[in-house]
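Written out below as structure tokens is the structure these notes cover.
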Amino acid sequence: MRFRFRPAPRGVQFFDLFTESAAHLRTGADLLARILGADLPTRTKLAARLKDAEHAADEAAHQVYTALAQTFVTPFDRDDMYNLASALDDCMDAMDEAGELVVLYELGTLPPGVSEQVAVLRQCAELTYDAMPRLRSFDGLEAYWIDINRLENQADRVYRRVLADLMNNAEDAITVIKVKGVVDALEESADSFERLANHVQTIVLKES
Amino acid sequence: MRFRFRPAPRGVQFFDLFTESAAHLRTGADLLARILGADLPTRTKLAARLKDAEHAADEAAHQVYTALAQTFVTPFDRDDMYNLASALDDCMDAMDEAGELVVLYELGTLPPGVSEQVAVLRQCAELTYDAMPRLRSFDGLEAYWIDINRLENQADRVYRRVLADLMNNAEDAITVIKVKGVVDALEESADSFERLANHVQTIVLKES
Amino acid sequence: MRFRFRPAPRGVQFFDLFTESAAHLRTGADLLARILGADLPTRTKLAARLKDAEHAADEAAHQVYTALAQTFVTPFDRDDMYNLASALDDCMDAMDEAGELVVLYELGTLPPGVSEQVAVLRQCAELTYDAMPRLRSFDGLEAYWIDINRLENQADRVYRRVLADLMNNAEDAITVIKVKGVVDALEESADSFERLANHVQTIVLKES
């Protein structure tokens, strides 16, 4: 087993990478909202931009993983840093999946509840973008955690209502399967935002 | 990076919290069994009680996470403690999802195999409730692990049979999607019980 | 908390166990390819052999977990070893699920894209079987990581095409649900191969 002390690579700024990832989440949530209101050709273009944001977020996550593997001393517990990067990535992946399925399945107008799901995700992304730089100072992170948990509860309620409407007033089973794919992906993104906020809280608890 | 030695908060009793979580699992599995046999208005009431049990289990898990973040010396490896709390939570979440979907989807009588799935979960919950206090003494935990693995194999066989019946003798595709949602959630709960037992075994192996 | 120094159990060869798991993956992917081309009675026999391979892989993973719990010094970070074993297991579980569903759902000829998915998995398994012994020397592991990521991108493209064809040209909703189950399991296996390669890369980064 080789083992060496190693300084943090110059220029690796974990907090900047987390903030960058959160900026991609904000872009992603905005694009999702626009996809819902667009026609199919425009949706295809917007979904390509969403995919670009997902790739950029993936790249940022990968930079965090590489830096973690090569850095001896990290600002917080290594595992917590890893979990943060990974949860940020999961939020984005699920948003990208939702946007991609809308195009892939050639869906028409989505039920209004889907826009409500996306509206909650936009708020989550905005709050997360504000919170990430505050990992440096811990300023107001408790409020962030509470807000995200409140939004996730709201997302759950919307999700259950959309699901019940979809399944109980269904006409065409294939359309049900398609829309359920989109709705589930959006719910997964909301769950990932909650997991992200929980990791932030763990860091705060450990350091306080 | 701030760093301090910190005593375990007074009154934090990890084993009591694990046992409490397992008690909620027992309650949850009992409620699930009653939901299957009830009419829709009664199901709605029972599902609300199941949701209460899920919230209580969530609260217990959160107490474990907080205590882990703030305690310097834990009875077993921190990660194993975390994994135990998290697996207990997953068992409950999946049971709650199953109960909730039965109500949300306004399902009628479920196929008999679903009751068999729930019967296995009740046994898993009972064994887990008996095992959690024995984490103090390690008494009989090997038998617990073997029993849960046997039950999980049984759950798998039931699940595959229910799934095959459902899919190959289906009349209405929407009903298939609905029942599959319930059946999958129950299978996920059984899988989580197995993962829980595997974490218990890891702890036993490390300490023996 | 009991604590002891403990030598590695004699005869536990982590790299041999990883290589053995990868050999099972190769067997599994070959069996999957043959299942697709066979009739139902032959499929049933081949799926039983796939299940045997899955059990054997499960056994190898369990030996790794036991050895990790009982070994004080491991060749790489304990968590990375655990993640490797776990990702190898996930690749296999998803392949086994795909094969099992083909039989359980009594499916006829699968769409041609499904064979393309399996062809990618065979390449992933082959590369992984070649790479595992090289964890000893780190020889060519960077190329392994790049190749698997390229294959996973290819798997994603095939998956999306199969999914779009399935959903947009569907006749029977139940068949769509069945085939989607198989196709999703194959995609999950490809994702697990990517996660496996990422864990290999983490190990390389930490040690280099």
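The number of residues in segment C:146-158 that are open to solvent by 40 Å² or more (accessible area, probe 1.4 Å) and touching a residue at least 12 places away in the same chain (Cβ under 8 Å) comes to 2. Considering the conditions (1) small (Gly, Ala, Ser); (2) within 19 Å of B:Glu187 (Cα to Cα); (3) part of a loop (DSSP other than H, G, I, E, B), B:Ser137 is excluded by exactly one of them, (2). Listed by first and then second residue, the pairs linking a residue in segment A:175-198 that is small (Gly, Ala, Ser) to a residue that is part of a helix (DSSP H, G or I) and open to solvent by 30 Å² or more (accessible area, probe 1.4 Å), with Cβ atoms under 6 Å apart and 6 or more places separating them unless they lie on different chains, are A:Ala185/A:Glu97; A:Ser192/A:Asp90; A:Ala197/A:Trp145.
Take C:Glu207 and tell me if it is charged (D, E, K, R) and either within 30 Å of B:Met167 (Cβ to Cβ) or open to solvent by 30 Å² or more (accessible area, probe 1.4 Å) (or both). So C:Glu207 fails the test. Taking segment C:16-48 as the range and being touching a Phe, Trp or Tyr at 6+ places or on another chain (Cβ under 9 Å) and either over 18 Å from C:Glu97 (Cβ atoms) or surrounded by fewer than 21 Cβ atoms within 10 Å (Cβ to Cβ) (or both) as the test, the residues that pass are C:Thr19, C:Ala22, C:Ala23, C:Arg26. Just one of the numbered conditions (1) modelled with pLDDT under 95; (2) out of contact with any Ser or Thr (no Cβ under 6 Å at 6 or more places or on another chain) is not true of A:Phe18: (1).
Only residues that are open to solvent by 30 Å² or more (accessible area, probe 1.4 Å) and not polar (S, T, N, Q) were counted in segment B:160-198, giving 12. Of the residues making up segment B:162-197, those that are part of a helix (DSSP H, G or I) and within 8 Å of another protein chain (Cβ to nearest Cβ) are B:Leu163, B:Ala164, B:Met167, B:Asn168, B:Ala173, B:Ile174, B:Val176, B:Ile177, B:Lys178, B:Lys180.
Restricting segment A:74-89 to residues that are within 16 Å of A:Ala57 (Cα to Cα) and not hydroxyl-bearing (Ser, Thr, Tyr) leaves a set whose member that is surrounded by the fewest Cβ atoms within 10 Å (Cβ to Cβ) is A:Asn83. Filtered by the rule that a residue be within 18 Å of B:Leu88 (Cα to Cα) and of a type in the set (S, T, N, Q), segment B:59-73 gives B:Gln63, B:Thr66.
Listed by first and then second residue, the pairs linking a residue in segment C:66-85 that is within 7 Å of another protein chain (Cβ to nearest Cβ) and closer than 16 Å to B:Asn198 by Cβ to a residue that is open to solvent by 10 Å² or more (accessible area, probe 1.4 Å) and of a type in the set (Lys, Arg), with Cβ atoms under 7 Å apart and 6 or more places separating them unless they lie on different chains, are C:Ala69/B:Lys206; C:Gln70/C:Arg6.
Could we say that C:Arg134 is in contact with a Gly (Cβ under 7 Å, 6 or more places away or on another chain) and closer than 24 Å to C:Leu84 by Cβ here?
yes
Annotation note: of A:Arg134, A:Arg122, the sole residue that is away from chain B (no Cβ under 14 Å), over 27 Å from A:Thr44 (Cα atoms) and under 21 Å from the mean Cα position of the chain (by Cα) is A:Arg134. Of all the criteria given as (1) without any contact (Cβ under 8 Å) to a residue 60 or more places away in the chain; (2) open to solvent by less than 50 Å² (accessible area, probe 1.4 Å), the one not satisfied by A:Ala98 is (1). For B:Glu126, the criteria (1) open to solvent by 30 Å² or more (accessible area, probe 1.4 Å); (2) more than 16 Å from B:Asp30 (Cβ to Cβ); (3) not hydroxyl-bearing (Ser, Thr, Tyr) hold in every case but one, which is (2).
The residue pairs whose first member lies in segment B:126-145 and is at positive phi, whose second member is buried (at least 20 other Cβ atoms within 10 Å of the Cβ), and whose beta carbons are closer than 9 Å, counting only pairs six or more residues apart or on different chains, are B:Phe138/B:Ile203; B:Gly140/B:Ala131.
Once segment C:101-115 is narrowed to residues that are away from every other protein chain (no Cβ under 14 Å) and of a type in the set (Val, Ile, Thr), the residue that is surrounded by the fewest Cβ atoms within 10 Å (Cβ to Cβ) is C:Thr109. Go through segment A:135-145 residue by residue and tally those that are at pLDDT below 95 and either within 30 Å of C:Ile174 (Cα to Cα) or open to solvent by 50 Å² or more (accessible area, probe 1.4 Å) (or both). Within segment A:135-145, residues that are at pLDDT below 95 and either within 30 Å of C:Ile174 (Cα to Cα) or open to solvent by 50 Å² or more (accessible area, probe 1.4 Å) (or both) number 4.
The values are calculated or read from the model by the stated rules, or taken from the named source; none is laboratory data. This structure is a prediction, so every number in the text was calculated from the model and none was measured. No Cβ is skipped: glycine too gets one built from the backbone with ideal geometry, and neighbour counts run over all protein chains shown. These accessible areas exclude ligands, DNA and RNA; they are computed on the full protein's heavy atoms, side chains included. Shrake-Rupley method; radii C 1.70, N 1.55, O 1.52, S 1.80 Å.
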